[in-house]
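Worksheet: one structure, shown below.
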Amino acid sequence: MFRKMLGFSRYLFYKLKNMLFLNRNITFNNRILLPSSLNFEVHKNSEVELGKIIFNKNVSIRVRESAKLIIGTGVNFNNGCIITCRKHVNIGNNVLFGPNVMVFDHDHDYLAKDYTNTFKLGQIIIEDNVWIGANVIILKDTIIKKNSVIAAGTVVRGTVQENSIVYNRREIIQKKKQ
């Protein structure tokens, strides 16, 4: 059984490396554990560097034309994560993504005539040893410095300082009885 699983994973890695990424600049470091439900799109003139990564179910990574995606070693993507890279996304080492995390290095330019295909581009840098909770959204022009925690349900844009915990404050106001 183990040999069948190992053989299948080697076949999948070969297929991914040699067929899906044909004519793309892809660098694989060490090994990548890939589930069959991974959606990994790499468009022409893009650059991808991948370290040792674990992808869980239904992860979607899209590297659009002329974009650059770098993912370090020890990165774990939980179920349902989405990364869409149109310019530059850099994820350091030992980063943990909770379920349903979304990372977008661009915004639609809603003032443009063709707003569905016109984008404002930025970059995202996530440094080493960052823990990103469930249902977090990381927007363009964000830097999350090392050893930080992003709490579940948080929307992040801007710079998160080193060793920080970031959360969106939610207050519950009790209605007074009459």
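The values are calculated or read from the model by the stated rules, or taken from the named source; none is laboratory data. Note that the coordinates shown come from a computational prediction; the quantities given were computed from them, not determined experimentally. Ideal geometry is used to build each Cβ from the backbone, glycine not excepted, and the neighbour counts take in all protein chains shown. Calculation scope for accessible area: heavy atoms of the full protein, side chains included, ligands and nucleic acids excluded. Shrake-Rupley method; radii C 1.70, N 1.55, O 1.52, S 1.80 Å.
If amide H atoms are built 1.01 Å from N in the plane of the peptide, which residues on other chains or at least 5 residues away come under 5 Å of the amide H of residue 68?
When sequence neighbours closer than 5 places are left aside, the close amide H contacts are 47, 87, 88, 89.
For the range 33-178, just the Cα atoms, rotate onto the principal axes and tell me the three extents in Å, largest first.
Principal axes ranked by extent give 64, 42, 31 Å for the Cα atoms.
I'd like to check one number: the per residue accessible area of the range 91-159, probe 1.4 Å, reported in Å² as a whole number.
49
Checking the table 44/120; 120/146; 44/113; 68/120; 68/140 against a 24 Å threshold on Cα-Cα, which pairs fail?
From 44/120; 120/146; 44/113; 68/120; 68/140, over 24 Å: 120/146; 44/113.
When averaged across all projection directions, what area in nm² does the alpha-carbon convex hull of the range 92-140 cover?
Its average projected convex-hull area is 3.7 nm².
From a point 7 Å beyond the Cα of residue 167 in the direction of its Cβ, which residues of the range 111-143 have a backbone N at a distance under 16 Å?
Flagged as within label range: 131-137.
Of the accessible area of the range 93-151, with the probe set at 1.4 angstrom, what percent is carbon plus sulfur?
55
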